[in-house]
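J.: Here you go, one structure.
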Amino acid sequence: MASFGLSTRKLSVFYGQTRAVNDISIDFEQKQVTALIGPSGCGKSTFLRSLNRMNDLIESSKVTGEIWIKDRDINSPSTDVTALRQRIGMVWQKPNPFHKSIYENVAFGPRYHGIKKKSMLDEIVEESLTKAALWNETKDRLHSSALALSGGQQQRLCIARSIAVTPDIILMDEPASALDPISTSKIEELIGELKKEYCIIIVTHNMQQAARISDRTAFFLMGDLVEIDETGKMFTNPQKVETSDYISGRFG
């Protein structure tokens, strides 16, 4: 039986009177990468942001339906949203390191959650940077500004910062779209490594990237989930005409 990291049931998102996401039900499995694809404005990023309650920050938004982690619906009013975002990390499209040192970027979350002992923080920083394939490049300049890193290094630092608080799930919103091909390749390799431990859900506009890195792919169109399947099947034998048209480049 599959082990699900996160599940949605009839999840909808509204901005004012506009319905951006329509009754989406998906099971995301642990130790798998699920890619969300579809044309701009189809609802995939809105859906992704709802999974760790980031849409709460948008005044006009309203979310209905259920989002389950294990036996808990995180849309429940009793949910501690800060604790939730520790369990569900987020990596944005544009690298956004804090205006702090490399070390402080990674140590920030664990320190916020109560870890004060320097030896423990040192260990977390090294382990997180190692998992993000950044330790060897930064170990001799941990106390230098994170802003001095290249764009690709900054994005890997943001991934290290996310995993430093030991999440169960990592959300990624086009994490390589602002990067050069070499940095993109490193991020893709890193995602392949991270999925051994985490449930990863990634929004990407890049069809080839979705095909390379994901185990399953979900196709969104105008707020609807049109189709979800194993990535190999989706790209070679999609069940819906709309999916076939999008993947083959006939629209989008």
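The values are calculated or read from the model by the stated rules, or taken from the named source; none is laboratory data. As the structure is a prediction and not an experimental result, all values here were calculated from the model. A quick note on method: Cβ atoms are made from the backbone with ideal geometry, for glycine too, and the neighbour counts reach across all protein chains shown.
J.: Evaluate the stretch 75-82: report whether one residue or more is under 19 Å from Ile200 (Cβ atoms), modelled with pLDDT under 95, of a type in the set (Asp, Glu) and within 22 Å of the chain's Cα centre (by Cα). Please lay out each step first, then the result.
T.: The first filter runs over the stretch 75-82 and keeps only residues under 19 Å from Ile200 (Cβ atoms), leaving none.
Within the stretch 75-82, not a single residue is under 19 Å from Ile200 (Cβ atoms), modelled with pLDDT under 95, of a type in the set (Asp, Glu) and within 22 Å of the chain's Cα centre (by Cα).
J.: If I ask for residues that are touching a strand residue (DSSP E or B) at 6+ places or on another chain (Cβ under 9 Å), surrounded by fewer than 19 Cβ atoms within 10 Å (Cβ to Cβ) and assigned to a loop (DSSP other than H, G, I, E, B), which ones from the stretch 143-178 would you list?
T.: His143, Ser144, Asp168 - these are the residues of the stretch 143-178 that are touching a strand residue (DSSP E or B) at 6+ places or on another chain (Cβ under 9 Å), surrounded by fewer than 19 Cβ atoms within 10 Å (Cβ to Cβ) and assigned to a loop (DSSP other than H, G, I, E, B).
J.: Same structure, new question: Restrict the check to the stretch 92-103 and report whether at least one residue is surrounded by 13 or more Cβ atoms within 10 Å (Cβ to Cβ), part of a strand (DSSP E or B) and on the phi < 0 side of the Ramachandran plot.
T.: yes
J.: Also: With over 21 Å from the mean Cα position of the chain (by Cα) and surrounded by 15 or more Cβ atoms within 10 Å (Cβ to Cβ) as the only criterion, which of Ile88, Ile115 stands out? Can you show your working first?
T.: Values: Ile88 fails: over 21 Å from the mean Cα position of the chain (by Cα).
So the residue among Ile88, Ile115 that is over 21 Å from the mean Cα position of the chain (by Cα) and surrounded by 15 or more Cβ atoms within 10 Å (Cβ to Cβ) is Ile115.
J.: Only residues that are of a type outside the set (D, E, K, R) and either surrounded by fewer than 17 Cβ atoms within 10 Å (Cβ to Cβ) or under 14 Å from Phe14 (Cα atoms) (or both): list them for the stretch 51-70, please.
T.: Going residue by residue through the stretch 51-70, those that are of a type outside the set (D, E, K, R) are 51-52, 54-55, 57-58, 60-61, 63-65, 67-69.
Of everything in the stretch 51-70, those that are of a type outside the set (D, E, K, R) and either surrounded by fewer than 17 Cβ atoms within 10 Å (Cβ to Cβ) or under 14 Å from Phe14 (Cα atoms) (or both) turn out to be Met54, Asn55, Leu57, Ile58, Ser60, Ser61, Val63, Thr64, Gly65, Trp68.
J.: A further question on this structure: If a residue has to be of a type in the set (Ser, Thr, Tyr) and either touching a Gly at 6+ places or on another chain (Cβ under 6 Å) or within 15 Å of Asn96 (Cα to Cα) (or both) to count, how many in the stretch 162-181 make the cut?
T.: As a first pass, look at the stretch 162-181 and keep what is of a type in the set (Ser, Thr, Tyr): 162, 166, 177.
Filter again for either touching a Gly at 6+ places or on another chain (Cβ under 6 Å) or within 15 Å of Asn96 (Cα to Cα) (or both), leaving 162, 177.
The total comes to 2.
J.: Further, regarding this structure: Condition first: within 17 Å of the chain's Cα centre (by Cα) and under 28 Å from Gln17 (Cβ atoms). Now tell me which residues in the stretch 211-241 satisfy that.
T.: Correct list: Ala218, Phe219, Phe220.
J.: Within the stretch 206-213, is there a residue that is under 26 Å from Ser12 (Cβ atoms), at pLDDT 95 or above and not hydroxyl-bearing (Ser, Thr, Tyr)?
T.: Applying the first criterion (under 26 Å from Ser12 (Cβ atoms)) to the stretch 206-213 yields 210.
The next check asks that each one be at pLDDT 95 or above; those that pass are 210.
Okay, now just the ones that are also not hydroxyl-bearing (Ser, Thr, Tyr), so 210.
Within the stretch 206-213, one or more residues are under 26 Å from Ser12 (Cβ atoms), at pLDDT 95 or above and not hydroxyl-bearing (Ser, Thr, Tyr).
J.: Let me ask another. Tell me, please, whether a residue that is polar (S, T, N, Q) and part of a loop (DSSP other than H, G, I, E, B) can be found in the stretch 120-134. Working first, answer last.
T.: From the stretch 120-134, those polar (S, T, N, Q) are 128, 130; that's our starting set.
Pick out the ones that are also part of a loop (DSSP other than H, G, I, E, B) and you get none.
Among the residues of the stretch 120-134, not one is polar (S, T, N, Q) and part of a loop (DSSP other than H, G, I, E, B), which makes the answer no.
J.: Among the numbered criteria (1) closer than 22 Å to Ser7 by Cα; (2) touching a His at 6+ places or on another chain (Cβ under 9 Å), which single criterion is violated by Met172?
T.: (2)
J.: I would also like to ask the following. Have a look at Asp56, Asp73, Asp23 and point out the one that is free of Cβ contacts under 8 Å to residues at least 12 places away in the same chain and of a type outside the set (S, T, N, Q). Show your work before the answer.
T.: Details: Asp56 fails: free of Cβ contacts under 8 Å to residues at least 12 places away in the same chain; Asp23 fails: free of Cβ contacts under 8 Å to residues at least 12 places away in the same chain.
Matching residue, one of Asp56, Asp73, Asp23: Asp73.
J.: Please work out which residue is surrounded by the fewest Cβ atoms within 10 Å (Cβ to Cβ), limiting yourself to the stretch 118-142 and to residues that are under 21 Å from Thr184 (Cβ atoms) and touching a residue at least 40 places away in the same chain (Cβ under 8 Å).
T.: Ranking the qualifying residues of the stretch 118-142, first place goes to Ala133.
J.: Something else: When Gly65 is evaluated against the numbered criteria (1) within 18 Å of the chain's Cα centre (by Cα); (2) farther than 23 Å from Thr204 by Cβ; (3) small (Gly, Ala, Ser); (4) assigned to a strand (DSSP E or B), which criterion, by number, is the only one it fails?
T.: (1)
J.: Out of everything in the stretch 135-185 that is among the small types (Gly, Ala, Ser) and within 20 Å of Lys44 (Cβ to Cβ), what residue ends up being modelled with the lowest pLDDT?
T.: Filtering the stretch 135-185 for residues among the small types (Gly, Ala, Ser) gives 144-146, 148, 150-152, 160, 162, 164, 176-178, 183, 185.
The next check asks that each one be within 20 Å of Lys44 (Cβ to Cβ); those that pass are 162, 176-178.
Values: Ser162: 95, Ala176: 94, Ser177: 92, Ala178: 89.
Ranking the candidates gives Ala178 first.
J.: Next up: Scan the helices (runs of 4 or more DSSP H) fully inside the stretch 201-252 and keep the ones with 3 or more residues being aliphatic (A, V, I, L, M) and either without any contact (Cβ under 8 Å) to a residue 24 or more places away in the chain or within 21 Å of Ser185 (Cα to Cα) (or both). Don't jump to the end; show me each part of the working.
T.: Working: elements: 207-213, 231-236, 241-247.
Those helices (runs of 4 or more DSSP H) span 207-213.
J.: In this structure, is Ile201 within 19 Å of Gly38 (Cβ to Cβ), buried (at least 18 other Cβ atoms within 10 Å of the Cβ), modelled with pLDDT of 95 or more and under 13 Å from the mean Cα position of the chain (by Cα)? I'd like the intermediate steps shown before the answer.
T.: Details: within 19 Å of Gly38 (Cβ to Cβ): yes; buried (at least 18 other Cβ atoms within 10 Å of the Cβ): yes; modelled with pLDDT of 95 or more: yes; under 13 Å from the mean Cα position of the chain (by Cα): yes.
So Ile201 passes the test.
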